[in-house]
Amino acid sequence: MTKTESLRALEDELARDEGLPLRESNLVFGEGSPDAAVMFIGEAPGFYENQLKRPFVGRAGQLLDKLILGLGWKREDVYITNIVKRRPLENRDPLPEEIAAYAPYLARQIDIIAPKVVAPLGRFAMNYFLPAAKISRDQGKLFRVGGRYVYPLFHTAAALRSTQTLKELTEAFQKLPAVIAKREELAAPVAESAPPVQQSSLF
Ligand code: URA
């Protein structure tokens, strides 16, 4: 099976899974290049995402597009999804059990795409990979979690509310090409006896 076929099969399985919460909302599986070097992972779809069944198409998405274009990349070159694949009503935060229910699908989606770097946006997505991390302290740092390189970033929605957050997000975003290219040097190698999460000391 090609990556595209595997992603389609995973999306079909997700759509049919009646045990998942939030089934009153539309499924927003994710989109982009199956060969993306970077996979951006948000929290959950919002109003416009639910309407269009596409991730990051509202104001937070427009800022994400702008940051991606600012690197000379195109939106189609990356892959964009969320931890929770359906919109919680009234845009409330996703519940831990909702995150847990969708987590196995996200893990398989990441395995299929096998990006060089995973960039969780905001604390919910970051804490999925790094439960003890703090977004204001750890955004813009590269972590190695299991076999994956994880580069947490502020959520674009938070950057729309604070100029300081926007500045820090923009700075961290601009480092993405270097983070991808130098990920093996930037994230300390994980020794067998070491804890599974290590943080780069170079940032
Ligand atoms: N915020 C998110 O976390 N995800 C989206 O898809 C849109 C806004």
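I'd like the residue in the range 47-71 that is closer than 16 Å to S33 by Cα and open to solvent by 70 Å² or more (accessible area, probe 1.4 Å) and, out of all such residues, is farthest from the ligand (Cβ to nearest atom). Only one residue tops the list, namely L69. Tell me which of these A107 doesn't satisfy, since it passes every other one: (1) within 14 Å of the ligand (Cβ to nearest atom); (2) under 18 Å from S6 (Cα atoms). Failed condition: (1). As a summary of the residue check, K3 satisfies the conditions (1) buried (at least 22 other Cβ atoms within 10 Å of the Cβ); (2) out of contact with any Leu (no Cβ under 7 Å at 6 or more places or on another chain); (3) of a type in the set (K, R) except for the one numbered (1).
Out of A103, A133, A119, A44, one residue alone is closer than 20 Å to E171 by Cβ, open to solvent by less than 40 Å² (accessible area, probe 1.4 Å) and in contact (Cβ under 8 Å) with a residue 24 or more places away in the chain. It is A119. The lone criterion from (1) touching a Phe, Trp or Tyr at 6+ places or on another chain (Cβ under 7 Å); (2) open to solvent by 30 Å² or more (accessible area, probe 1.4 Å); (3) away from the ligand (no atom under 12 Å from the Cβ) left unmet by M39 is number (2). Give me the residue from the range 75-98 that is away from the ligand (no atom under 12 Å from the Cβ) and touching a helix residue (DSSP H, G or I) at 6+ places or on another chain (Cβ under 7 Å) and, out of that set, farthest from N127 (Cα to Cα). Looking at the filtered set, the residue picked out is R75. Going by the conditions given, is A132 under 23 Å from V84 (Cα atoms) and among the hydrophobic types (A, V, I, L, M, F, W, C)? Spelling it out, A132 is indeed under 23 Å from V84 (Cα atoms) and among the hydrophobic types (A, V, I, L, M, F, W, C).
The values are calculated or read from the model by the stated rules, or taken from the named source; none is laboratory data. In this text the structure is predicted, and so the values were computed from the model without any measurement. A quick note on method: Cβ atoms are made from the backbone with ideal geometry, for glycine too, and the neighbour counts reach across all protein chains shown. Remember, those area values only see protein heavy atoms, side chains included, never the ligands or the DNA or RNA. Shrake-Rupley method; radii C 1.70, N 1.55, O 1.52, S 1.80 Å.
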